[in-house]
1. Let's test the formula: R0 of 22 Å, r as the Cβ-Cβ distance of residue 25 and residue 49. What FRET efficiency results, to the nearest 0.05?
2. Go ahead and estimate [θ] at 222 nm for the chain from helices alone: -39,500 (n - 2.57) per DSSP H run with n ≥ 4, summed, over the residue count, rounded to 500.
3. Given a Förster radius of 22 Å and the C-beta distance between residue 11 and residue 64 as r, what FRET efficiency does 1/(1 + (r/R0)^6) yield to the nearest 0.05?
4. Please report how far the C-alpha centroid of the stretch 9-32 lies from that of the stretch 33-69, rounded to the nearest whole angstrom.
5. Against the longest principal axis of the chain, how steep is helix 5-19, in degrees 0 to 90 to the nearest 10, with axes from Cα atoms?
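Nothing in this text is a laboratory measurement; each read-out follows from the coordinates by a stated rule. For clarity, every value in this text was computed on a predicted model and none was experimentally measured. No Cβ is skipped: glycine too gets one built from the backbone with ideal geometry, and neighbour counts run over all protein chains shown.
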């Protein structure tokens with residue numbers, strides 16, 4: 001993991017939590033449980049080039065495909 005990935009992951013968790021009115025801990029748990037964090041790590045090279053809103057939209061899709069219920 002590069003030194004740039006951790007701040008990116010932190011920003012994504014924070015933004016995801018803000019969009020869905022969740023605490024950072026709840027956002028982290030949700031993204032971990034429904035494979036959103038694994039997605040961000042695997043596709044960091046593409047996702048960090050998008051806007052944060054597009055990245056959150058992608059996370060929502062991935063989590064829904066893995067059983068997440070947020071909409």
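1. Values: r = 28 Å, r/R0 = 1.26.
In this case the efficiency is close to 0.20.
2. Details: 5 runs with 50 residues, N = 71.
Mean residue ellipticity at 222 nm (helix-derived): -20500 deg cm²/dmol.
3. Details: r = 21 Å, r/R0 = 0.97.
That pair, residue 11 with residue 64, gives E of 0.55.
4. Here the two parts' Cα centres lie 11 Å apart.
5. The two axes meet at around 30 degrees.
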